[in-house]
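S.K.: Dropping a structure here in structure tokens format, bear with me for questions.
The values are calculated or read from the model by the stated rules, or taken from the named source; none is laboratory data. Keep in mind the model is a prediction, meaning the values are calculated, not measured. Note that we place each Cβ from the backbone using ideal geometry, even for glycine, and neighbour counts take in every protein chain shown. We work out accessible area using only protein heavy atoms, side chains counted, and drop any ligands, DNA or RNA first. Shrake-Rupley method; radii C 1.70, N 1.55, O 1.52, S 1.80 Å.
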Amino acid sequence: MIGTILISARTIDQGATLEEKTSQAYFDAAAYCELSESNLKALGVSIDQNVKVATAHGTVVVPAKIDARLPDDIVFIPMGPWANAIVDPDTCGCGMPGFKGVPATVEPTTDPVLNMKELMATYKE
Amino acid sequence: MPVIKDVVCTFCGCLCDDLEVTVEDNKITKVGKACKLGRAKTMGMFLHERIEKPMIRKNGKDSELEECSYDEAITKAAEILVAAKRPISYGWCSTSCEAIEKAVVLAEETGSLFDSTANVCHGPSALATQEKGAPSCSLGTAKNYADLIIFWGCNPVHAHPRHQTRYSTMAKGAFTPNGKKDKKMVVVDPRNTDTAKKADLLLQLKPGTDYVLIEALRAIVNGHEDVLPDEIAGLPKAKVLELAEMCKASKFGIIYFGMGITQTRGRYKSGDNVSSLLSDLNQTNKFVMIGMRGHYNVTGFGQVAAWEAGFPMAIDFSRGSAYYNPGETGTNDVLMRREVDAFITGAADPGAHFPQESIKHLYKIPAIQVDGYANPTTEFSDVVIPAAIAGVECDGTAYRMDGQPIRMKKLIETTFKTDEEILTEIIAKVRELKGKGGA
Ligand code: SF4
């Protein structure tokens, strides 16, 4: 397991599939995390193998990708349902939840990645 | 083949108004000049599925959505809003100002909270502007004059792909005739982004330390660099000094800022401090700031809400007059407090873009969705009303990220009702149910 900081943000593929969020293309564009090369090595995970990213606010399983230019202290997930499963909902009294800079851990897992509908269904209490 | 020229792209806040769209048999077959995002948006309805029919869940969230008529869906929506004690209307940013105006009327009529997607985007920038002001200019002025362009916490290569060629670093301006050669480009971001590849200087700060870095720049600009430590925001002091020198040497500097400022630690205080930095720099130089707005007409929402109700977002109409206090009346705050008992959204997708805790409450209350496409919001919506796509299937006005209004064109015919028509019909139904007669 590694300790890191979660950042979520737009990517061009996530943006280009925004209006087809039930599609495989959107799933491929938004359901993954990027890690530095050394973090991937430290976890003993290869590209597209699933990892569990956890914060104080939840956990999400996504396949791992590599961003060779990413610092070791950052894990990146494109904005969307998978990132938002674990972002910080607290608005600090100013309206805006914490979509970036959330302390997170990453570990290898054999759990499956939920698709959009399965992920949303977990919010039914 | 009929080619419509000067088409406005309705994806991002750049609102590029030079697209060339080929229409054959009421179908869009080609979109020229757009970026990948603009092409996907403009041709969307011919590339993938859309919501074809209005739909209602008859037996709660566990039941399936069943097709119905527009009338039935609109009546059901009005019934939900009239029965609610604390409804909220959210979104309305990927649509026209004309539709937003109707959304304001509906919110007022139902005593709703009323908020835009700025709640999860540039809301803190509005607060920062109200605290300190935001010296700005048009993108046209920026293109012609700016010789120092700082992208702070934004990644236009991915989010606003034509920004650099049309308005900023690559654009040839009246006083920057050689384009990039006449300009310096800086990126401030914890990630070494694709935008940073072409930057003259990248300040890869530690996540969440934007405020610290702005403060350090202010200290240097004000002649107090001696008080600064050797490392600032995870960066060597020399790098921060380099940026300060670039700022001081520029004739016209601009800070384009994004979610790296608004969503990280400090929130609106970081935007507020950017404004203070500009105030310092403007003692001797010329500096402006522009928020990189995502939804193409989120700027228009702010304009319409401000001229209709006095505030740009997070408005509470429940008191009979408009009340505004974003940390209290913002959508995510009221959802997290489990305060609202009905939800209507249009031209936005809170299901995909809200944190988990907010969505849990949306699964507990009646929800109405007005949208062209199925998305995570559809999953918890009890009433789904399909809408025409503004800027493609109907015309209207949108505001660019720099506050310039631009007229969107209608490119093809449609049988779908527009957001404006849907909202007008819901308002009439609400008035009827409340015994006030039709519109
Ligand atoms: S930069 Fe934005 S407005 Fe321009 S074509 Fe691309 S998505 Fe559309």
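S.K.: Counting only protein heavy atoms, what percent of the accessible surface of the range B:3-45 is carbon or sulfur at a 1.4 Å probe?
M.R.: 45 percent
S.K.: In whole percent, how big is the carbon plus sulfur part of the accessible area of the range A:10-76, probe 1.4 Å, protein atoms only?
M.R.: Working: 1250 of 2590 Å².
The value for the range A:10-76 is 48 percent carbon and sulfur by accessible area.
S.K.: Then there's this: Over every pair of different alpha-carbon atoms in the range B:129-251, take the mean of 1/r and invert it; report that Kirkwood radius in Å.
M.R.: Working: mean 1/r = 0.0654 Å⁻¹.
When all Cα pairs of the range B:129-251 are included, the Kirkwood radius is 15.3 Å.
S.K.: On average, how much accessible surface per residue is there in chain A, in Å², for a 1.4 Å probe, leaving out ligands, DNA and RNA? Could you put the intermediate results ahead of the total?
M.R.: Working: 4710 Å² over 125 residues.
Normalised by residue count, the accessible surface of chain A is 38 Å².
S.K.: Please give the calculated 222 nm ellipticity per residue for chain B, where each DSSP H segment of at least 4 residues contributes -39500 (n - 2.57) and the sum is spread over every residue; nearest 500 deg cm²/dmol? If you can, show how the numbers build up before the last one.
M.R.: Details: 18 runs with 160 residues, N = 439.
The helix-only estimate for chain B comes to -10000 deg cm²/dmol at 222 nm.
S.K.: From the protein chains alone at 1.4 Å, what is the descending order of accessible area for B:D230, B:D349, largest first?
M.R.: Details: B:D230 125, B:D349 15 Å².
Greatest to least solvent exposure: B:D230, B:D349.
S.K.: Out of B:A390, B:F151, B:Q404, whose Cα points farthest toward the positive end of the dipole of chain B (charges: +1 Lys, Arg; -1 Asp, Glu; placed on Cβ)?
M.R.: Checking the options against the dipole of chain B, the answer is B:F151.
S.K.: Non-local amide H neighbours of B:V392 (under 5 Å, H modeled in plane, Pro and chain starts lacking H): which ones?
M.R.: B:L411
S.K.: Ok, one more. Name the shape class, rounded, prolate or oblate, that the alpha-carbon gyration tensor gives for chain A, where a ≥ b ≥ c are the square roots of its eigenvalues, rounded holds for a/c under 1.5, and otherwise prolate holds if a/b is larger than b/c and oblate otherwise. Please report the intermediate quantities before stating the final value.
M.R.: On the way: a/c = 1.40, a/b = 1.14, b/c = 1.22.
Cα axes put chain A in the rounded bin.
S.K.: Something else: Can you give me the relative contact order of the range A:2-121 as a percent, contacts being Cα pairs under 8 Å and 6 or more apart?
M.R.: On the way: 252 pairs, mean separation 45.2, N = 120.
Normalised by residue count, the contact order of the range A:2-121 is 38 percent.
S.K.: Between their Cα atoms, which of B:K143/B:K239; B:K183/B:K251; A:K117/B:K360 are more than 22 Å away from each other? Spell out each step's value before the answer.
M.R.: Working: B:K143/B:K239 26 Å; B:K183/B:K251 10 Å; A:K117/B:K360 14 Å.
Beyond 22 Å: B:K143/B:K239.
S.K.: With a point put 7 Å past each Cα toward its Cβ, work out how far B:T22 is from A:S38 in nm, to one decimal.
M.R.: 5.1 nm
S.K.: State, to one decimal in nm, how far the label point of B:R265 lies from the label point of B:S318, with both points 7 Å from Cα in the Cβ direction.
M.R.: 3.4 nm
S.K.: Using the Cα gyration tensor of the range B:254-353, with a ≥ b ≥ c the square roots of its eigenvalues, what is the shape: rounded (a/c below 1.5), prolate (a/b larger than b/c) or oblate (neither)? Intermediate results must be reported in sequence, preceding the final value.
M.R.: Working: a/c = 2.03, a/b = 1.86, b/c = 1.09.
It is prolate, given that a/c is not under 1.5 and a/b is the larger ratio.
S.K.: Tell me which residues come under 5 Å, amide H to amide H, from B:L203 once H is placed; ignore anything under 5 positions away on its chain.
M.R.: Residues meeting the criterion, in which the H sits 1.01 Å from N, are B:V187, B:V188, B:D189.
S.K.: About the Cα centre of chain B, what is the dipole size in debye to 20, counting +1 per Lys and Arg Cβ and -1 per Asp and Glu Cβ, all else neutral? Before the final figure, lay out the partial values.
M.R.: Details: 53 positive and 56 negative charges, 234 e Å.
So the dipole magnitude of chain B works out to roughly 1120 debye.
S.K.: Taking N as the number of residues in the range B:245-307, what value does Rg over Cα atoms divided by 2.2 N^0.38 Å take?
M.R.: On the way: Rg = 13.7 Å, N = 63, 2.2 N^0.38 = 10.6 Å.
My calculation over the Cα atoms of the range B:245-307 gives 1.29.
S.K.: Follow-up question, since we're still on this one. Indicate the residues belonging to the range B:370-385 that lose 10 Å² or more of solvent-accessible heavy-atom surface (probe 1.4 Å) upon moving from the chain alone to the assembly of all protein chains, ignoring ligands and nucleic acids.
M.R.: Those residues are B:Y373, B:A374, B:N375, B:P376, B:E379.
S.K.: Using DSSP to define loop residues, name the trypsin sites (Lys or Arg not before Pro) in the range B:1-94 whose beta-carbon has at most 13 other beta-carbon atoms within 10 Å. Working shown, then result.
M.R.: On the way: sites: B:K5, B:K27, B:K30, B:K33, B:K36, B:R39, B:K41, B:R50, B:R57, B:K58, B:K61, B:K76, B:K85; in loops: B:K33, B:R50, B:K58, B:K61, B:K85.
When the trypsin sites (Lys or Arg not before Pro) of the range B:1-94 are filtered for loop state and at most 13 Cβ neighbours within 10 Å, B:K58, B:K85 remain.
S.K.: Do any residues of the range B:13-42 show a loss of at least 20 square angstrom of accessible area between the isolated chain and the full protein assembly, using a 1.4 Å probe, and if so which?
M.R.: B:K36, B:L37, B:A40, B:K41
S.K.: Which of the GluC sites (Glu not before Pro) found in the range B:64-143 are loop residues per DSSP with 14 or fewer other Cβ atoms within 10 Å of their Cβ?
M.R.: Working: sites: B:E64, B:E66, B:E67, B:E72, B:E79, B:E98, B:E101, B:E108, B:E109, B:E131; in loops: B:E64.
Listed in order of number, the matching sites are B:E64.
S.K.: Are there chymotrypsin sites (Phe, Trp or Tyr not before Pro) in the range B:47-133 that DSSP marks as loop and that have at most 10 other Cβ atoms within 10 Å, and which are they? List each step's numbers first, then the result.
M.R.: Numbers: sites: B:Y70, B:Y90, B:W92, B:F114; in loops: B:W92.
Passing both the DSSP loop test and the Cβ count: no residue.
S.K.: How large, in Å, is the protein assembly as shown by the Kirkwood hydrodynamic radius built from its alpha-carbon pairs?
M.R.: Values: mean 1/r = 0.0417 Å⁻¹.
About 24.0 Å for the protein assembly as shown.
S.K.: Determine the dipole magnitude for the range A:2-121: charges of +1 sit on the beta-carbon of Lys and Arg, -1 on that of Asp and Glu, nothing else is charged, the reference point is the Cα centre, and the result goes in debye to the nearest 20.
M.R.: Values: 8 positive and 15 negative charges, 16 e Å.
Computed about the Cα centre, the dipole is about 80 debye.
S.K.: When DSSP assigns beta bridges and you keep just the ones with both residues in the protein assembly as shown, what percent turn out antiparallel, to the nearest 5?
M.R.: Details: 43 of 86 bridges.
DSSP beta bridges in the protein assembly as shown are roughly 50 percent antiparallel.
S.K.: Moving on. With a cut-off of 8 Å between alpha carbons and a minimum separation of six or more residues, what is the relative contact order of chain B in percent? Before the final figure, lay out each step's value.
M.R.: Details: 967 pairs, mean separation 107.2, N = 439.
Result for chain B is 24 percent.
S.K.: Please state, rounded to one decimal and in Å, the Kirkwood hydrodynamic radius that the range B:47-152 gives when every pair of distinct Cα atoms enters the mean of 1/r. Walk me through the numbers before you get to the answer.
M.R.: Working: mean 1/r = 0.0556 Å⁻¹.
One over the average 1/r among Cα pairs gives 18.0 Å for the range B:47-152.
S.K.: Calculate, axis by axis, the spread of Cα positions in the range B:3-45 along the three principal axes, and write the results as whole Å, longest axis first.
M.R.: Between the extreme Cα coordinates on each principal axis of the range B:3-45 lie 30, 19, 12 Å.
S.K.: Next up: Once R0 is set to 25 Å, what does the formula 1/(1 + (r/R0)^6) return for the Cβ-Cβ distance between B:L433 and B:R338, expressed as a FRET efficiency to the nearest 0.05? It would help to have the intermediate numbers written out before the result.
M.R.: Working: r = 26 Å, r/R0 = 1.03.
Computed FRET efficiency for B:L433 and B:R338 comes out at 0.45.
S.K.: When the accessible area of each residue in the range A:11-43 is compared between its chain alone and the complete protein assembly (1.4 Å probe; ligands, DNA and RNA ignored), which residues differ by at least 30 Å², being lower in the assembly?
M.R.: A:I12, A:A16, A:E19, A:E20, A:K21, A:T22
S.K.: State, in square angstrom and to the nearest 100, the accessible area buried between chains B and A, both chains counted, probe radius 1.4 Å.
M.R.: Details: alone 18110 and 6960 Å², together 20630 Å².
Chains B and A together bury approximately 4400 Å².
S.K.: Now, a different point. Please work out the average accessible area per residue across the range B:67-220, using the 1.4 Å probe convention, and give it in Å². Intermediate results must be reported in sequence, preceding the final value.
M.R.: On the way: 5170 Å² over 154 residues.
On a per-residue basis, 34 Å².
S.K.: Could you bin all the Cα-Cα distances of the range A:11-54 into 10 Å bins starting at 0 and give me the percent of pairs in each, rounded to whole numbers?
M.R.: For the range A:11-54, the pair-distance distribution reads 25, 40, 29, 6.
S.K.: Using the Karplus curve 6.51 cos²θ - 1.76 cosθ + 1.60 with θ = phi - 60°, work out ³J(HN,Hα) for each residue of the range A:17-34 in order, rounded to whole Hz, and write x for Gly and Pro.
M.R.: Each residue of the range A:17-34 in turn: 10, 4, 9, 9, 6, 8, 8, 5, 4, 5, 4, 4, 7, 10, 9, 6, 10, 9 Hz.
S.K.: Let me ask something else. Starting from the Cα gyration tensor of chain B, multiply each eigenvalue by 5, take the square root, and state the resulting semi-axes largest first in whole Å. Intermediate results must be reported in sequence, preceding the final value.
M.R.: On the way: eigenvalues 322, 134, 63 Å².
Each semi-axis is √(5λ); the values are 40, 26, 18 Å.
S.K.: Suppose every Lys and Arg Cβ carries +1 and every Asp and Glu Cβ carries -1, with no other charges. What dipole size does the range B:123-291 come out with about its Cα centre, to the nearest 20 debye?
M.R.: Working: 22 positive and 16 negative charges, 152 e Å.
Charge dipole, the range B:123-291, about its Cα centre: 740 debye, nearest 20.
S.K.: Accessible area of the range B:234-288 with a 1.4 Å probe: how many percent of it is carbon plus sulfur?
M.R.: Details: 1010 of 1960 Å².
Percent of accessible area from carbon and sulfur atoms in the range B:234-288: 52.
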